[in-house]
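A.B. asks: What follows is a structure written as structure tokens; I'll ask about it next.
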Amino acid sequence: MRVLIIGNGAAGNQAAACIRKHSSECEIVMFARESFPEYSACALPDVLAGWIPLDKTFLKTSLDYEQLQIKTCFGQEVNNVDINKQCLEAGDKKYYYDRLIMATGSQPIIPKIDGSQLNGNFVVKTPQDIERIIDHKPTRAVIVGAGNIGVETASALRNRGCIVYLIEMQDRIMPLLYDKKPADIIQTMLEQEDIRVFTGERVTGVAGEQQVERLLTDQQEIECDTVIWAAGVRQNVELARKAGLKIGGLGGIEVNKYMQCSEPGVFACGDCVQSPHVYTGKPSLSLLWSSAKRQADVAAANCMGKLDEYEGNCSVVIEEIMGIPCVAIGLNLHGLAGYETEVIEHESEDLYYRLLAVDDRVAGFQCVGSLEGTGSIFTMIKKGTPLSEARKLLHNKGSISTMAWYMDSSRYIFGEY
Amino acid sequence: MDKLIFVDYQKCVGCATCEMVCSLVHEDICSPALSRIRVVRYPTEASNVPITCAFCESPPCVSVCPSGAITKNADSGDVLINPVLCIGCRQCVQACPFGHANFNFARGTAFKCDLCGGSPQCVEFCWTEALQYVPLERALGEKREAVGRNILQSS
Amino acid sequence: MKRIVVNTEACDGCGICQLVCSAYKAGQWHPAFARIKIKQLQEFGLNVPVVCMHCTYPPCEIFCVMNLIYKDPDTAYTLRNVERCIGCRACEIACPFSAAVWDPLNEVVVNCDLCGGTPECVNHCPTGALIFMDISEAADKKRREAAGLRILEASRGFSE
């Protein structure tokens, strides 16, 4: 059997490794636009901060691909996929396949506004981006978009000694992960780190001659030499669309729970797909490393004829700001709009948490200050354990003795400290 | 759940037919170690106790499973493992009070009785009638009758 | 395939396993550095050691952004190339059992490696609460206990 994989990110590599685990004979060929081996995008802010060297972000060497017997066609763009003939075109060559895995990933968006093409505009996506930012020697940097990438980049640049501004369009930072209150706590923590955070501001343009000199928002002008765009990503689905695969309403490739696309023999995984959310069951985009890897496992198993099912997206994002862990699991109130949500929250000097429950089920959890018990909460969200049942279990000596690890979550479930 | 595997261990001779059949049906091999139903033998007491899933009302294996692979069907009462979702953490093996949930290391997942989808083969092949797949009420009635007869005879 | 099996009733919460683990694995003498943790359930008077279960499909492996967690092909232990860890702590959330442990000294996350096949916590456990045994043997043992109870009950019910 011959499996072709398009994409060299977390999903593509995980799929390749997983296929190799299932079969030692199967022929695997990987295509990627980039010419470098797999790297960890999540480690890039750490490089920017100077905590780890750039070469540590690379997870594989060309030797590893050889050992896994994966043929690589890196630096080669796939031009076309012909699903009827089961063949794809890359360069001037044609490659035939039995199974195709699309893991084309996503691309950060730089909006087409005045000055966004000037020298000094960056994104954080590849190791090259980080190299370019470091070579640029930023001193005053504005990060546009306070998602998790934005916040981590801001923290990292602050660690380099830059003057850092963080601009967010919505009324709070990390609006898709946190609610207003925990977001405000995190914002205060960032401000203590001397990061200047502005929420509720829209960026209108970038000014400068050849270099970025100022960033214009609808409320102020900020003097800067570097602008980093972290205001969202776009799925790379052009190839899939050209091939005639169904694209969903959110802009991702449509797949079923076996990660199979609308056409037979084609699977997709990673950032470029949309799949149901573990709680709501509605289609959602998950741009997380863990989702990509799990989806790739499922795609690889199913394309080798083994059964595996994807449970659904559930976001887990963890940040460490000044050594204090901040966690957001599942949905926040924004994501639960339309559901009647019960909020269990607690605030004390060194700990804040809120647990969101809908219909006796935990749907989301946000915590600043501790990681204790988050594992069991995450398990509850994924599993859909009723809150009442969890409370009963925690009071039952017979059951708790076999699942003592559940005890860590008791303070969140009962709303105690 | 109206029907369950009812065990009359007074009748069990420990022949291991049920274990052979079970492993053959589920694993394509006659190996009591991979059987869902297991017979505990007490040679000196001349007793044999077949142990299978009790299909508890609130099963510890279901509460303990972190991946949601074990579920109890509210209508039929069946407690089943979905091997696709099993992450192989063996919590269910430690939690089951009967030592029924077991672990297949070759496959890396846990296994337990699934009632063969409605017609348990161990019962089909049990020639001593130690295993019966009967409605609970009938099994209890028979037991009540036996006790009554016992009292009548001894009085 | 031997794993650490916990006999909850036998554990008296002395904490020797934690200290031994921290000594062998981190060169420290403090429970904070141990990979095995005793959960104290005070209201029930229970102490339960919690340690890595070495899952077949470990959730921590999926969550690791550096792909440094792997299953050993021979022993099926869940192991880590800790020197590559950047301390993002995602695996701590992924683990349902809180068995991925933050090492505050090196700022990395570690888990039990069963000391390569001879777990020292088990060797030093004074009460026999930790047993290193084949998991199906553990099930056999429990089954014997359950069956023993039944025979006891039956002999009472019928002979008297």
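A.B. asks: Any residue in segment A:181-193 that is touching a residue at least 60 places away in the same chain (Cβ under 8 Å) and farther than 30 Å from A:ARG354 by Cα?
C.D. replies: no
A.B. asks: Still on this structure, I have one more. May I ask you to verify whether B:CYS92 is more than 9 Å from chain C (Cβ to nearest Cβ) and closer than 22 Å to B:MET20 by Cβ?
C.D. replies: no
A.B. asks: Based on what the data block shows, is A:CYS87 touching a Phe, Trp or Tyr at 6+ places or on another chain (Cβ under 6 Å), within 13 Å of another protein chain (Cβ to nearest Cβ) and surrounded by 13 or more Cβ atoms within 10 Å (Cβ to Cβ)?
C.D. replies: no
For (1) in the same structural domain as C:ALA34 (by TED's automatic domain parsing); (2) modelled with pLDDT under 95; (3) surrounded by fewer than 20 Cβ atoms within 10 Å (Cβ to Cβ); (4) closer than 23 Å to A:MET322 by Cβ, each residue gets a yes or a no:
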{"site": "C:ILE69", "(1), (2), (3), (4)": "no, no, no, no"}
{"site": "C:ASP72", "(1), (2), (3), (4)": "no, yes, yes, no"}
{"site": "C:THR75", "(1), (2), (3), (4)": "no, yes, yes, no"}
{"site": "C:ARG84", "(1), (2), (3), (4)": "no, yes, yes, no"}
{"site": "C:ARG89", "(1), (2), (3), (4)": "no, yes, no, yes"}
{"site": "C:ALA99", "(1), (2), (3), (4)": "no, yes, no, no"}
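A.B. asks: Could you check, for segment B:60-77, whether at least one of its residues is within 15 Å of B:LEU4 (Cα to Cα) and either β-branched (Val, Ile, Thr) or in contact with a Ser or Thr (Cβ under 6 Å, 6 or more places away or on another chain) (or both)?
C.D. replies: no
A.B. asks: Related question: Going by what's in this entry, would A:VAL237 be described as of a type in the set (Val, Ile, Thr) and in contact with a helix residue (DSSP H, G or I) (Cβ under 6 Å, 6 or more places away or on another chain)?
C.D. replies: The answer is no for A:VAL237.
A.B. asks: Now a separate question. Just to be sure, is B:ALA106 surrounded by fewer than 22 Cβ atoms within 10 Å (Cβ to Cβ), within 14 Å of chain C (Cβ to nearest Cβ) and part of a helix (DSSP H, G or I)?
C.D. replies: Criteria not met by B:ALA106.
Conditions (1) surrounded by 19 or more Cβ atoms within 10 Å (Cβ to Cβ); (2) more than 30 Å from C:CYS88 (Cβ to Cβ), marked per residue:
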residue: C:LEU105; (1), (2): no, no
residue: C:CYS112; (1), (2): yes, no
residue: C:CYS115; (1), (2): no, no
residue: C:GLU120; (1), (2): no, no
residue: C:ASN123; (1), (2): no, yes
residue: C:GLY128; (1), (2): no, yes
residue: C:ILE131; (1), (2): no, yes
residue: C:LYS141; (1), (2): no, yes
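A.B. asks: When the residues of segment A:376-416 are filtered to those that are part of a helix (DSSP H, G or I) and of a type in the set (Asp, Glu), which remaining residue is nearest to the other protein chains (Cβ to nearest Cβ)?
C.D. replies: Residue satisfying both the conditions and the ranking: A:ASP408.
A.B. asks: Could you tell me which residue of segment A:17-52 is nearest to the chain's Cα centre (by Cα), considering only residues that are over 23 Å from C:ALA90 (Cα atoms) and buried (at least 23 other Cβ atoms within 10 Å of the Cβ)?
C.D. replies: Result: A:ALA32.
A.B. asks: Something else now. For segment A:130-140, what are the residues that are surrounded by fewer than 17 Cβ atoms within 10 Å (Cβ to Cβ) and within 25 Å of the chain's Cα centre (by Cα)?
C.D. replies: Within segment A:130-140, A:GLU131, A:ARG132, A:ILE134 qualify.
A.B. asks: Okay, moving on. Which of the strands (runs of 3 or more DSSP E) found entirely inside segment A:27-130 contain at least 2 residues meeting this: outside the structural domain of A:VAL212 (by TED's automatic domain parsing) and either of a type in the set (A, V, I, L, M, F, W, C) or modelled with pLDDT of 95 or more (or both)?
C.D. replies: Once the strands (runs of 3 or more DSSP E) in segment A:27-130 are filtered for at least 2 residues that are outside the structural domain of A:VAL212 (by TED's automatic domain parsing) and either of a type in the set (A, V, I, L, M, F, W, C) or modelled with pLDDT of 95 or more (or both), what remains is A:27-32, A:70-74, A:78-82, A:87-90, A:99-102.
A.B. asks: What tally of residues in segment C:19-34 results from selecting those that are away from chain A (no Cβ under 14 Å) and either hydrophobic (A, V, I, L, M, F, W, C) or within 20 Å of A:ASP408 (Cα to Cα) (or both)?
C.D. replies: So the answer is 9.
Condition check ((1) surrounded by 21 or more Cβ atoms within 10 Å (Cβ to Cβ); (2) under 19 Å from the mean Cα position of the chain (by Cα)) across all residues:
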site	(1), (2)
A:THR153	yes, yes
A:MET169	no, no
A:ILE186	yes, no
A:ILE195	yes, no
A:THR199	no, no
A:ARG202	no, no
A:GLN220	no, no
A:GLU238	no, no
A:GLY251	no, yes
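A.B. asks: Which number in (1) away from every other protein chain (no Cβ under 11 Å); (2) over 13 Å from the mean Cα position of the chain (by Cα); (3) in a strand (DSSP E or B) marks the one condition that B:LEU80 misses?
C.D. replies: So the condition that B:LEU80 fails would be (2).
A.B. asks: Quick one: A:GLY338 ticks every box in (1) surrounded by fewer than 24 Cβ atoms within 10 Å (Cβ to Cβ); (2) touching a strand residue (DSSP E or B) at 6+ places or on another chain (Cβ under 7 Å); (3) more than 20 Å from C:VAL65 (Cα to Cα); (4) not polar (S, T, N, Q) bar one, so which box is it?
C.D. replies: The failed condition is (2).
A.B. asks: Okay, moving on. Kindly establish whether B:VAL39 is assigned by TED's automatic domain parsing to the domain that holds B:VAL134, in contact (Cβ under 8 Å) with a residue 60 or more places away in the chain, surrounded by 15 or more Cβ atoms within 10 Å (Cβ to Cβ) and of a type outside the set (Lys, Arg).
C.D. replies: no
A.B. asks: Among (1) in the same structural domain as A:VAL255 (by TED's automatic domain parsing); (2) in contact with a Cys (Cβ under 9 Å, 6 or more places away or on another chain), there is one condition A:VAL327 misses while meeting the rest; what is its number?
C.D. replies: (1)
A.B. asks: Tell me, please, whether a residue that is among the β-branched types (Val, Ile, Thr), surrounded by 15 or more Cβ atoms within 10 Å (Cβ to Cβ), facing another protein chain (nearest Cβ under 7 Å) and over 22 Å from the mean Cα position of the chain (by Cα) can be found in segment A:347-367.
C.D. replies: Taking every residue of segment A:347-367 in turn, none turns out to be among the β-branched types (Val, Ile, Thr), surrounded by 15 or more Cβ atoms within 10 Å (Cβ to Cβ), facing another protein chain (nearest Cβ under 7 Å) and over 22 Å from the mean Cα position of the chain (by Cα).
A.B. asks: Sticking with this one: Would it be correct to say that A:GLU89 is within 30 Å of A:PRO264 (Cβ to Cβ) and either in contact (Cβ under 8 Å) with a residue 40 or more places away in the chain or aromatic (Phe, Trp, Tyr) (or both)?
C.D. replies: Working: within 30 Å of A:PRO264 (Cβ to Cβ): yes; either in contact (Cβ under 8 Å) with a residue 40 or more places away in the chain or aromatic (Phe, Trp, Tyr) (or both): no.
The answer is no for A:GLU89.
A.B. asks: Here is a further query. What are the residues in segment B:52-64 that are under 17 Å from A:SER388 (Cα atoms) and part of a loop (DSSP other than H, G, I, E, B), if any?
C.D. replies: B:GLU57, B:SER58, B:PRO59
A.B. asks: Only one of A:ILE113, A:ILE83, A:ILE109, A:ILE149 is of a type in the set (Val, Ile, Thr), in contact with a Gly (Cβ under 7 Å, 6 or more places away or on another chain) and within 28 Å of A:ASN332 (Cβ to Cβ); which? Give the derivation first.
C.D. replies: Working: A:ILE113 fails: within 28 Å of A:ASN332 (Cβ to Cβ); A:ILE83 fails: within 28 Å of A:ASN332 (Cβ to Cβ); A:ILE149 fails: in contact with a Gly (Cβ under 7 Å, 6 or more places away or on another chain).
None of the others qualify; the one that does is A:ILE109.
A.B. asks: Here's something else I'd like to know. Pairs please, first residue from segment A:23-52 and more than 9 Å from chain C (Cβ to nearest Cβ) and over 25 Å from A:SER155 (Cα atoms), second anywhere and among the small types (Gly, Ala, Ser) and part of a loop (DSSP other than H, G, I, E, B), Cβ atoms under 6 Å, 6+ apart in sequence or on different chains.
C.D. replies: A:SER35/A:GLY75
The values are calculated or read from the model by the stated rules, or taken from the named source; none is laboratory data. Since this is a predicted model, take the numbers as computed values, not measurements. Here Cβ is always computed from backbone atoms with ideal geometry, including for glycine, and neighbour counts include all displayed protein chains.
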